[in-house]
Amino acid sequence: MIYLYLYMILVFIISFILMMINKFISMNKSMDFEKSSPFECGFNPITKSYLPFSLPFYLITMMFLIFDVEIILFLPLIFYLKSMNSICTFMLISMFLILLIFTLVFEWMNSYLNWMY
């Protein structure tokens, strides 16, 4: 038990020493308008430094994420193909693929796959 306390104290001392070394070695950064503004070859920026996010890009990203999650759910099924009944496996795979195709058709019908509106 005493070794545990010694270990905890040693970890605390080492982390404290590392934080103090970081504090003394690091550069002090002052908040300045010129340093925080975006750099455009010495000219004042014309537009804002942050731009609104593109909605079509967001929709494509969400579709990619949904299809990735569906494929990840599909992968463990491969390991159980030999141990399961063939009819049950066929039904499970076909239901999954029908759902995947239905999702793709739904996105296509709602024109989510068009990049420009």
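Before moving on, here are some points about what is shown:
- Scanning the range 63-88 for residues that are assigned to a helix (DSSP H, G or I) and either in contact with a strand residue (DSSP E or B) (Cβ under 9 Å, 6 or more places away or on another chain) or farther than 30 Å from Asn114 by Cβ (or both) gives Pro76, Leu77, Ile78, Phe79, Ser86, Ile87, Cys88.
- Contact annotation: residue pairs with Cβ atoms under 7 Å, 6 or more positions apart or on different chains, pairing a residue in the range 79-105 that is without any contact (Cβ under 8 Å) to a residue 12 or more places away in the chain with a partner that is open to solvent by less than 90 Å² (accessible area, probe 1.4 Å), are Leu81/Thr89.
- Hey, Ser54 open to solvent by less than 90 Å² (accessible area, probe 1.4 Å), modelled with pLDDT of 80 or more and within 30 Å of Trp108 (Cβ to Cβ) or not: no
The values are calculated or read from the model by the stated rules, or taken from the named source; none is laboratory data. What you see is a predicted model; the values in this text were computed from it and never measured. Cβ coordinates were reconstructed from backbone atoms using ideal geometry, including for glycine residues, and neighbour counts include every protein chain displayed. Areas reflect the complete protein model, heavy atoms only, side chains present, ligands, DNA and RNA absent. Shrake-Rupley method; radii C 1.70, N 1.55, O 1.52, S 1.80 Å.
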